[in-house]
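Scroll down for the structure; my scribbles are underneath it.
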Amino acid sequence: MNGQALPSTVLGLPDVAADKLYQVTIDISDLKVSDDPNAVLITYALGSCIAVIVYDAVKHVGGMIHYMLPLSNTAPDKAQTKPAMFADTGVPLLFLKLYEYGCRKQDLVVKIAGGGKLYEDHGVFDIGKRNYTVLRKIFWKNDIIIAAEDVGGAKSRTAKLYVGNGLVTIRAQGQETPL
């Protein structure tokens, strides 16, 4: 799996479907939702940023956000134009978009990645930790359980969601592993 695409047997998809897969990139401060079983939602360079990856196995719908900062009150004008930049505006928006596809909260599986600390700032900013803390508070207030996470540390991550079966993989330090 080092540096290569996962084989279709690992994905749990038939070879024909694996040949039809295509990537949908989620940029920093962006979110996307898809019900296309051939879509692979992917985001790169998760350092202090966090990816929230949500999948509904009943509706076969997946969504992902790559947010940068915890709270929108630091830049309300930016929050108006780029709500996915912030946890407190972007994460609720992701869930609303999933609900537009007919998803129900009780059917959603939530996984997260990122929230690292790639550069030493002597604890002054620690954006990754703050991003994680705010996200946990949002989820706690809304009775949302995190099924799996790969957070913290000093590594950059790439997160993928295979919409066809809900598989989430994290690539870090040259290895891609299921989450």
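The values are calculated or read from the model by the stated rules, or taken from the named source; none is laboratory data. Computed from a prediction, not measured in an experiment: that's the story for all the values here. When we count neighbours, we look across all protein chains shown, and the Cβ atoms used for this are built from the backbone with ideal geometry, even at glycine.
Details
- Close contacts from the stretch 39-54, counting a first residue that is surrounded by fewer than 24 Cβ atoms within 10 Å (Cβ to Cβ) and a second that is among the basic types (Lys, Arg), with Cβ to Cβ under 6 Å and a gap of 6+ residues or different chains, come to Val40/Lys160; Ile42/Lys160.
- Breaking point among (1) closer than 16 Å to His66 by Cα; (2) in contact with an Asp or Glu (Cβ under 8 Å, 6 or more places away or on another chain), for Glu149: (2)
- Selected residue (criterion: surrounded by the fewest Cβ atoms within 10 Å (Cβ to Cβ)) from residues of the stretch 24-37 that are part of a strand (DSSP E or B) and in contact (Cβ under 8 Å) with a residue 60 or more places away in the chain: Ser34
- Qualifying residue in the stretch 126-139 (condition: within 30 Å of Leu21 (Cα to Cα) and either modelled with pLDDT of 95 or more or not aromatic (Phe, Trp, Tyr) (or both)): no
Matching residues to (1) more than 13 Å from Ile50 (Cβ to Cβ); (2) surrounded by fewer than 21 Cβ atoms within 10 Å (Cβ to Cβ); (3) of a type outside the set (A, V, I, L, M):
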{"site": "Arg136", "(1), (2), (3)": "no, yes, yes"}
{"site": "Phe139", "(1), (2), (3)": "no, yes, yes"}
{"site": "Ile145", "(1), (2), (3)": "yes, yes, no"}
{"site": "Ala148", "(1), (2), (3)": "yes, yes, no"}
{"site": "Ala154", "(1), (2), (3)": "yes, yes, no"}
{"site": "Asn165", "(1), (2), (3)": "yes, yes, yes"}
{"site": "Val168", "(1), (2), (3)": "yes, no, no"}
{"site": "Gln173", "(1), (2), (3)": "yes, yes, yes"}
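- Where a residue in the stretch 59-82 is at pLDDT 95 or above and its partner, wherever it lies, is assigned to a strand (DSSP E or B) and surrounded by fewer than 18 Cβ atoms within 10 Å (Cβ to Cβ), with Cβ under 7 Å and at least six apart: His66/Asp30
- If you go through the stretch 41-61 and keep only what is in a loop (DSSP other than H, G, I, E, B) and among the polar types (S, T, N, Q), you end up with just Ser48.
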